[in-house]
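**Student:** Here's a structure for you.
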Amino acid sequence: MIDLVQLRREPDFVKAALARRGVSSSEIDAIIALDVEHRRVLQDAEALRAQIKELSRQVGEARKDRDVARAELVAEQSRTLGDEERGASQTLDVLARELRDKLLMVPNLPSPEAPDGVDENDNVELRRWWVGMDQGEPFPTFAEHQRVAHWDIGAELGILDMETGVKIAGSMFPLYRGAGSRLLRSLGSFALNAHVGDYEEIRPPSFALTETMMSTGHLPKSADDMYAIERDDLWAIPTSEVPLTSMHRGEILDEARLPIRLTAQTACFRREAGAAGRDTRGLLRVHEFDKVELFAYCTPDQAIDAHADILARAESLLQALGLTYRLLDLCAGDLGTSSARTIDLEVFSPGVDRWLEVSSVSWFRDFQARRANVRYRTSDGTTALVHTVNGSALAWARIWAALVETYHQPDGSVKLPDVLAPYMGDALTITRKVW
């Protein structure tokens, strides 16, 4: 969450920053007023506790002096003040919950480097990459056989079975078969092998406690987009960013350990509550998909390099796969709740003639660490909140789609890039196989 101390100290700066994200000044003014009232009641409660403590001391002295009348008089005053203190404490608890609830709904302050804008139409394209561009090759036009949608290719080759997925779990739950399933598994191994030398590989749980989901900022604001298991107070994770952020929740780390770099592949679950009737064919938007995540706990000074490293790794994978892609600098109005700066990577999928987001590389400053209470101790003994950085490298459903479309051959087969040979058992050409 945002820094309440900074809000008290620099209210105009905070309001101006959040206005770039569409947060009204009146919303922040309400929080400021609530904070003022909370601190006033806190001071009153503390003053009452001090008076009660003093009266308790006087009662003890009176009883020591055998002054029963005075002891009873002072004790009665103490009981009256005790009732007032309990009332103040109850009010304080209500105000504290209300203040926290409001703060949990406030997004992060955008980085000054994030472009101005209100939605995805204002995002800024930074650059594009395609095979041969270094040799002066123009942006690819793609042949007619590459202009076939992946759901048609998948059905024809028997490697993507959306109908059976619907029968098992409902719409937007894909089922991969044969070489399609192996391709999905190969992509995960390909990426993890590329990262594991510098990032510790983690296999976290696929479910998380409410507190864990709140640490990243997915709750409470995005509750409608999450799968809840209410009986057990658990949530299906939307990304492995969620468990990775909480691995050191409530801890104080040694600065010498930072940055701590982690990677994980998990299934990711998203309800896509606002997606009805929009981009729901094939793998364009699904409820469950596999993704490799890169994550770092770092100091503020390390954050820029950590962000750049994750971005470079995501790009290197796309280049190794030979996929055409572009980078978008998300405007302030399109940033995720917790993000201060985000660069999206989108691949061009010729069969659907669309740019598909396959990674978001984000810097959160100390927004998530404040929720998760993850700090580090500096060499001089002081403590500070860590910064968190994360990004996908990569999300596989749309990569799968872009691969089978880009590498679709005139004879109907799919010829995958050579980098996947160690994981596909050298079976890089996918043809229809009857089981």
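**Student:** Give the peptides 300-311, 208-219 in descending order of average Cβ contacts within 10 Å, highest first. Before the final figure, lay out each step's value.
**Tutor:** Working: 300-311: 18.1, 208-219: 21.8.
Order by mean packing, descending: 208-219, 300-311.
**Student:** Same structure again: Val358's amide H: which non-local residues (gap 5+, or another chain) put their own amide H closer than 5 Å, with H modeled 1.01 Å from N in plane and none for Pro or chain starts?
**Tutor:** Leu345, Glu346, Val347
**Student:** I'd like the distance between the alpha-carbon centres of the range 404-435 and the range 182-206, rounded to an integer number of Å.
**Tutor:** With the range 404-435 and the range 182-206 each reduced to a Cα centre, they are spaced 21 Å.
**Student:** Still on this model: Specify whether the C-alpha gyration tensor of the range 55-100 places it in the rounded, prolate or oblate class, a ≥ b ≥ c being the square roots of the eigenvalues: rounded for a/c under 1.5, otherwise prolate if a/b is larger than b/c and oblate if not.
**Tutor:** Prolate, since a/c reaches 1.5 and a/b exceeds b/c.
**Student:** Sort Trp151, Trp235 by Cβ crowding within 10 Å, fewest neighbours at the top. Write down the numbers at each step before the final one.
**Tutor:** Details: Trp151 19, Trp235 23.
Lowest count first: Trp151, Trp235.
**Student:** On C-alpha positions alone, give me the angle between the axis of helix 68-104 and the longest principal axis of the chain, in degrees, nearest 10.
**Tutor:** 20 degrees
**Student:** Report the net charge of residues surrounding Ala384, where surrounding means a beta-carbon distance below 13 angstrom and charges are Lys +1, Arg +1, Asp -1, Glu -1.
**Tutor:** Numbers: positive: Arg365, Arg370, Arg375, Arg377; negative: Asp3, Asp254, Glu255, Asp301, Asp366, Asp380.
Computed value for this residue: -2.
**Student:** Further question: Lysine pairs in the chain with Cα distance under 28 Å, only those 8 or more apart or on different chains: how many are there?
**Tutor:** The result is 10.
**Student:** Over the range 1-104, what is the mean sequence separation of C-alpha contacts under 8 Å (at least six apart), divided by residue count, expressed as relative contact order in percent?
**Tutor:** Working: 61 pairs, mean separation 34.4, N = 104.
Relative contact order for the range 1-104 comes out at 33 percent.
**Student:** Let me have the 222 nm mean residue ellipticity of the chain computed from DSSP H runs of 4+ only, each contributing -39500 (n - 2.57), with the sum over all residues rounded to the nearest 500. Working shown, then result.
**Tutor:** On the way: 13 runs with 176 residues, N = 435.
The helix-only estimate for the chain comes to -13000 deg cm²/dmol at 222 nm.
**Student:** In whole Hz and in residue order, list the ³J(HN,Hα) couplings for the range 301-316 that follow from phi through the Karplus curve 6.51 cos²θ - 1.76 cosθ + 1.60, θ = phi - 60°; x for Gly and Pro.
**Tutor:** Result, ordered by residue: 5, 8, 5, 5, 5, 5, 5, 5, 5, 5, 4, 5, 5, 4, 5, 5 Hz.
**Student:** Oh, and also: Rounded if a/c is under 1.5, else prolate if a/b beats b/c, else oblate: with a ≥ b ≥ c from the C-alpha gyration tensor eigenvalues square-rooted, which is the chain?
**Tutor:** prolate
**Student:** Which one, Ala194, Ala402, Ala30, has the greatest fluctuation when you compute a Gaussian network model over the chain with C-alpha springs under 10 angstrom?
**Tutor:** Ala30
**Student:** If you find the alpha carbon centre of the range 134-150 and of the range 312-332, how far apart are they in angstrom?
**Tutor:** 17 Å
**Student:** Between Arg377 and residues 5 or more places away or on another chain, which pairs have amide H atoms under 5 Å apart, with H built 1.01 Å from N, and which residues are they?
**Tutor:** Amide H to amide H, under 5 Å and 5 or more residues apart or across chains, Arg377 pairs with Leu253, Asp254, Glu255.
**Student:** Sorting check: for 101-111, 345-355, 52-62, which peptide has the highest mean count of neighbouring beta carbons within 10 Å, and how do the rest follow? Provide the component values of the computation, followed by the final result.
**Tutor:** Details: 101-111: 18.2, 345-355: 21.5, 52-62: 14.9.
Highest-to-lowest ranking by the protection proxy: 345-355, 101-111, 52-62.
**Student:** 5 Å is the cut-off here: which amide hydrogens, built 1.01 Å from N in the peptide plane, fall below it relative to Arg177, excluding neighbours closer than 5 in sequence?
**Tutor:** Under 5 Å from the amide H of Arg177 lie the amide H atoms of Leu160, Asp161, each far enough along the sequence or on another chain.
**Student:** Enumerate the calculated ³J(HN,Hα) couplings along the range 218-226 in order (Karplus 6.51 cos²θ - 1.76 cosθ + 1.60, θ = phi - 60°), each rounded to whole Hz, writing x wherever the residue is Gly or Pro.
**Tutor:** With coefficients 6.51, -1.76 and 1.60, one gets 5, 10, x, 5, 10, 4, 5, 9, 10 Hz.
**Student:** Follow-up question, since we're still on this one. If you average the C-alpha positions of the range 1-56 and of the range 57-108 separately, how far apart do those two centres end up, in angstrom?
**Tutor:** 21 Å
**Student:** For the range 137-292, just say rounded, prolate or oblate: build the C-alpha gyration tensor, square-root its eigenvalues into a ≥ b ≥ c, call rounded for a/c under 1.5, and beyond that prolate if a/b exceeds b/c, oblate if not. Please report the intermediate quantities before stating the final value.
**Tutor:** On the way: a/c = 2.21, a/b = 1.42, b/c = 1.55.
Oblate.
**Student:** Using the Karplus curve 6.51 cos²θ - 1.76 cosθ + 1.60 with θ = phi - 60°, what ³J(HN,Hα) values do you get for each residue of the range 18-32, in whole Hz, with x for Gly and Pro?
**Tutor:** Couplings: 6, 4, 5, 9, x, 8, 6, 4, 5, 4, 6, 4, 5, 5, 4 Hz.
Coordinate-derived values only; no laboratory data. Given the structure is predicted, the values throughout are model-derived calculations rather than measurements. For neighbour counting, all protein chains shown are included, and Cβ atoms are generated from backbone atoms with ideal geometry for every residue, glycine included.
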